[in-house]
Amino acid sequence: MNKRLKNIFFTLLISIVLYSCQNSVGNKTGSEYMPDMAHSIAVEATTYNYYYLNTWDEQSTVKLKDMAGGRLPVKGTVPRGYAAMETIEDAVNTPNAIVVPTNGSVPYHYDDTEEDRARATADIQTIPFPITKIGLEKGKELYNIFCAVCHGTAGNFNDGIYASGIYPLAPANLINEEFTQASPGRYYHALMYGKNAMGAYKDKISYEERWQVIHYIYSLQAKEKKLVYGEEKNTLNSYAIPLAAMAKPSTDNEVAPNEAKDNSMLSSIK
């Protein structure tokens, strides 16, 4: 009897071992003894379905696409080096801080239609960042990356793919009279949605970067007209305030340029 029980025991043991060591096939790892002791609950970003190991019931089954997505920041937190401010004047007086988030997530209440293009062109008459040397340098860098290939490094398609003759569609001449007179809204809407053969850039450059590109385009126009568009002075248009003009304290009878028109510099961005 003891020998028979031993045989039964060893037969059961061998069966359990064989059953728990099945070969893996395809996406299945096979059967394992206590798999939760050997496998972590892995987050596989390329897997749409749930991870079937370590799931015991419907409540413990989580779709990995929900786990691999972006997370919202803790409410009330501010990115390092940034500050939450309401006006551009606050930013000027606060070192190393800007008024927009790093991801450039700023509402833009204009649709990709010709009607809203005209509305944005008419509504947005100021740039919510002052003209700065650093901003123009950044704008030049971004312009040469994203814009110069078509519009040319000087804005008049003097070089690039159209000037080479390999591209048939003429891009806009950014330094002609029409575009020199164009409001910031016209440029910003084009960067958001594109225009004709030009694609959208809202997913490639952030909110602040779009405005720095527009600053740089105006600086190209000023250079063509032998005017000044810089941190110290702007003789090209009334759309932007030089940083030096904003930093100067004003008296009771003195108003900084454009301040009366748009004190917050942000109200035009509806």
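The values are calculated or read from the model by the stated rules, or taken from the named source; none is laboratory data. Here the structure is a predicted model, which means the values were calculated and not measured. Here the Cβ is made from the backbone with ideal geometry for all residues, glycine too, and neighbour counts use every protein chain on show.
Tell me yes or no: at least one residue of region 187-197 is outside any helix (DSSP H, G or I), of a type in the set (S, T, N, Q) and crowded, with 18+ Cβ neighbours inside 10 Å. Can you show your working first?
The initial filter retains those residues of region 187-197 that are outside any helix (DSSP H, G or I), namely 194-197.
Restricting the remaining residues to those that are of a type in the set (S, T, N, Q) gives 196.
Now narrow it down to the ones that are crowded, with 18+ Cβ neighbours inside 10 Å: none.
The answer is no; no qualifying residue exists.
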Name the pairs: first residue in region 105-119 and at pLDDT below 95, second residue basic (K, R) and surrounded by 15 or more Cβ atoms within 10 Å (Cβ to Cβ), Cβ to Cβ under 7 Å, at least 6 apart or on different chains? Y110/R119
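Rundown of residues vs (1) polar (S, T, N, Q); (2) more than 12 Å from I131 (Cα to Cα); (3) in a loop (DSSP other than H, G, I, E, B); (4) at pLDDT below 95, yes/no style:
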site: K204; (1), (2), (3), (4): no, yes, yes, yes
site: Y216; (1), (2), (3), (4): no, no, no, no
site: Q221; (1), (2), (3), (4): yes, yes, no, no
site: M246; (1), (2), (3), (4): no, no, no, yes
Listed residues G152, G160; which is of a type outside the set (F, W, Y), at positive phi, touching an Asp or Glu at 6+ places or on another chain (Cβ under 7 Å) and free of Cβ contacts under 8 Å to residues at least 24 places away in the same chain? G152
I127 passes all but one of (1) in contact (Cβ under 8 Å) with a residue 24 or more places away in the chain; (2) surrounded by 17 or more Cβ atoms within 10 Å (Cβ to Cβ); (3) assigned to a helix (DSSP H, G or I); (4) not aromatic (F, W, Y); which number fails? (3)
Those residues of region 167-226 which are in contact (Cβ under 8 Å) with a residue 60 or more places away in the chain and polar (S, T, N, Q), in sequence order: S183, S206, Q212, S219, Q221
Residue that is more than 19 Å from I134 (Cα to Cα) and modelled with pLDDT of 95 or more, where the choices are L266, L191: L191
